[in-house]
Structures are given as C-alpha cells and as structure tokens.
Amino acid sequence: MKRLALAIVMLGITPAAISALEPGGGPQRYRWNLPKGFPVPTVPVDNPMSVARAELGRYLFYDNRISGNGKQACASCHQQKYAFADNRALSTGSTGEPGVRKSMSLVNIAYAPALTWSNPSVGTLEDQALVPMFGKHPLELGLNTDNRFLALLKADSTYQRLFKSAFPSDIKPFRLENVTRALACFERTIISARSPYDKYHYQHDSNAISELAKRGEELFFSWQYNCFHCHGGFNFADSEDAARGKRRWLQYSNTGLYNVAGPISYPATNAGIYEFTKKAQDVGKFKAPSLRNVELHPPYMHDGSIATLEGVIEHYAAAGRKITEGPNKGDGSLNPNKDPRIVGFPLTPRDKKALVAFLCSLTDRSVINDPRFSDPWKPRATSVPGAGAGH
Ligand code: HEC
Ligand code: HEC
C-alpha cells in the first residue's frame, strides 16, 4: 500500500484517478475509452465509475418518479436531442413554476470543476443533483424530504436489480446518497468527442470541415476575437478539471449582456456570482460554457436571451449588447464589470458565417443518437433488418 501511495505521488496521479480505473473489477469494470486529446476525468474517491452504476443513473435520469408530482425527470430539461440542454430560454419546473435560467448542456460535464452558470460552491455532480431534486427557488423536481420516492424505487423490480448490482456491498442500497452517486456516474459517461472538428484537429483529416469553418477557427483563436481565452482547452470551456494534468481555474466573466440602471447592473434575478460573493465587481459574471454542440441548443446565454449563434457573435462584435427599451434598457458595452477582453471587432458577413461554421463543426451527432445515453424506459426500436422480429 505504501508503495502504491508513493507511486501515486511520483506519477502525480490523484487517488480519484486510480479509483476511476479499478471499480468493482470483473464485468463491472468501467472503461473510459477516451478519444485522443481527452484526459481521464476526476472522479470522487467514494463514487468510482462502474457500468452498473452508470446504468442505474440512466434509469433515474429518465424516471419521472424523481419529481414530487411525477411529471418531470432530469431528462425533461436536459434532453438528449438538445445535447442534454433544452430549447427553452428559461426552464419550467414540475409544478409549472418558471425558472430564471436556461438549462445547460451536460455533455462532457465530467470535466467541469464547478457547476451551473454562476454558483461557485457547487463542485461535484453528486451534490449538484440535490439542487433540482429538492430546491425550492426555483422549484424544479419538487421532491419532498420524506423520501417517499425512495420507497417507490424500492418497490420496483427493475430498481431492485439495478441498485443491487450498482452497490453490491451495500446492505441498504436504497439511499439518497446512492441515487445521487448513480446520477453523477451516468452524467460522467456522457462524453462527446466525435465532431467533425475533432476529426480535423485530432485525426488530421483535412476534409472533415469546410474551408469556411477553417477560416472561422482562425478567427476564434485570434487575439482580435479572443474567443479562445474564455472558451478554451479541448472542451472549449471556461476551465476543465481532469485527474491528471494542469487544471485551468474557473474565472467567470461579464460579457456586457446588460447594463441596467441602479446599483446592480444586471437584472436582479440573474446577477451572476455576485449572488454568492456579494462583491460589486462580481455582478454579471457567469461561467463560460463549453461550446461543443452549441449549435444544438439555442437560445443562448444564462437567460436564453439571444436567439441565434449569429446574434451571439454580433453581441461580441459590438463589445456588448445595447437594449433600447423596457426594464433592461442600457448599453451593455459600458457595463463597469465587463471583461477587458471583450473589446469588439469589425465583422464582415463572411466572417460571421465563418465563425458560425466553425461553431457548428463542434457538433457531435453521435452523442445525441447514442443509445447508451437514451431513455431506457422506452421500448427499444428493434427493427433491425433481417433480425427476424417474427412477423
Ligand atoms: C426544471 C428543469 C430542470 C430539471 C428538472 C433539472 N435541471 Fe439541471 N439544470 C437546469 C437549469 C436551469 C440549470 C442551470 C442552473 C443554474 O445555473 O442555476 C441546470 C444545470 C444543471 C447542471 C450544471 C451543468 C453545468 O454545465 O454546470 C447539472 C450537472 C444538472 N443541471 C444536472 C441535473 C440533474 C442530474 C437533474 C435531475 C436530478 C436535473 N439537472 C434536473 C434545469 C433543470
Ligand atoms: C471574457 C470571456 C469570454 C470571451 C472573450 C468570449 N466569451 Fe463567449 N461566453 C462567455 C460567458 C461568460 C458566457 C455566458 C454569459 C452569460 O450567459 O451571461 C458566454 C457565452 C457564449 C455563448 C453561448 C453559449 C450557451 O450555451 O448559451 C456562445 C455561443 C459564445 N459565448 C461564443 C463566443 C465566441 C464566438 C466568442 C468570440 C467572438 C466568445 N464567446 C468570446 C465568456 C466569453
């Protein structure tokens, strides 16, 4: 054991990375099977990956019984066809209560060191899952703390099998902690890396993306456009966290979306990390989300207030958004907290098209069609030609 610990220190491997590699053993063993350029994600020591655990998580993710009134599941707001985000500007909870923010994509969420648009204190997927389940402001799944839903799960023969194989050494597996573990384990398996851009960049297939998209890539990574500073790394995100390698710290930034009159320059319901830090300079600061698959889940930004990718690019080109009437009136480009890297740039129609083409080259259609991430409660389509379905 001592020698193993020493090896861990010498190789710079965290215990979390080790645990990701040795769960359960045997057929339960989870293989990441990661593409080139993708490191092994960090996994909490007390929740090692296993095939059975991810499978249980998938059933829970799609199960409406996880909401107080049986009307919603995680998948209601994180839909596979929208890269596990949503197409609504603001999400709506199970009781119809309107939310205040846009749902976020869960693809490659295993690499995010902090979760949600602007809460720096939610670090693990295990903890995060409790927020939609039990949160009251806004009410999402609206579960009661009496854990009646655990009793429902316990009575279900599918779950009897799944919990047992996901937590084989646990004599009382039907616990809330195990629900969040399984959900987190499933979420970590949703990895996307098969976009045309990946083919072009990692597999050197120069025909995988168009010349226009290549021009867009140049703009994206240019010092004038600056996009890569905030949407960087293999995940095109604010930061990423992996078991090995350098960690890039989350920075959170204000992109000049608003500049409303009064002491708080953003709409009161969405003031960014200011809501947690209460520091004036943090008003309007949000996490820059991963741009992988961004094409699939308009509208954009934390409140879904920009309808299209073209609109987002125009916002950056103008160094902020000008709103001329209504309660959010103001010139975002003058927001006192705006990130100094958002300075605007001249934008020809062709450059706009190029940047959009580049962003669309990050779309990985395999992730939205992958049966491993789809609803396990739906009967599988078995119309495989020649499979003898028995007419
Ligand atoms: C009613 C809609 C809704 C439901 C149901 C819902 N979510 Fe979300 N989810 C959201 C919204 C909105 C956000 C952004 C929240 C914020 O920034 O405050 C989010 C954010 C997240 C994030 C952070 C993603 C990131 O990039 O940081 C994770 C992880 C997540 N949800 C997982 C889940 C899981 C697991 C469930 C089921 C237990 C679930 N969600 C149920 C709407 C929903
Ligand atoms: C200073 C950091 C920064 C720079 C530079 C930056 N972004 Fe962003 N980006 C963000 C943040 C933060 C958000 C979320 C802002 C919000 O919701 O208020 C965001 C959101 C987005 C979104 C919407 C994503 C979604 O899921 O809704 C797109 C698309 C985007 N940026 C593209 C770009 C492009 C293209 C560039 C270069 C022209 C760029 N960004 C430059 C920080 C930045």
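Is it possible to state the helix-based mean residue ellipticity at 222 nm for the chain, with each DSSP H run of 4+ residues giving -39500 (n - 2.57), the sum divided by total residues, to the nearest 500 deg cm²/dmol? What is it? Write down the numbers at each step before the final one.
Numbers: 15 runs with 124 residues, N = 391.
So the calculated ellipticity at 222 nm is -8500 deg cm²/dmol.
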Least to most buried among Ser210, Ser366 (fewest other Cβ within 10 Å first): Ser366, Ser210
Mean shadow area of the stretch 52-131 over all directions, Cα convex hull, nm²: 5.5 nm²
Mean separation of Cα contacts under 8 Å (6+ apart) over length of the stretch 196-366, as relative contact order %: 30 percent
Length-normalised contact order for the chain - Cα pairs under 8 Å, 6+ apart - percent: 19 percent
Space enclosed by the convex hull of the alpha-carbon atoms of the chain, per residue, Å³: 189 Å³
Nearest 10 degrees, 0 to 90: helix 176-189 Cα axis against the chain principal axis: 60 degrees
Taking Thr308, Thr324 and counting other C-beta atoms within 10 Å, the order from fewest to most: Thr324, Thr308
11 Å beta-carbon shell around Asp331, net charge (K/R +1, D/E -1): +4
Thr189, Thr116 arranged by Cβ crowding within 10 Å, fewest neighbours leading: Thr116, Thr189
0 to 90° range, to nearest 10: angle between helix 51-61 axis and the chain longest Cα axis: 60 degrees
Between helix 157-166 and the chain: long-axis angle, C-alpha atoms, 0 to 90°, nearest 10: 80 degrees
Net charge contributed by nearby residues that have their C-beta within less than 12 Å of Ala155 (K/R +1, D/E -1): +2
Debye intensity ratio in log₁₀ form over the Cα atoms of the stretch 196-366, taken at each q of 0.09, 0.14, 0.16 Å⁻¹: -0.33, -0.77, -0.99
Normalised alpha carbon radius of gyration of the stretch 173-291 [divisor 2.2 N^0.38 Å]: 1.40
Dipole in debye (nearest 20) - the stretch 196-366, about Cα centre, beta carbon charges: Lys, Arg +1; Asp, Glu -1: 320 debye
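Rule-based calculations on the coordinates, nothing more; no lab input. Everything numeric in this text was worked out from a predicted model, so none of it was measured. For neighbour counting, all protein chains shown are included, and Cβ atoms are generated from backbone atoms with ideal geometry for every residue, glycine included.
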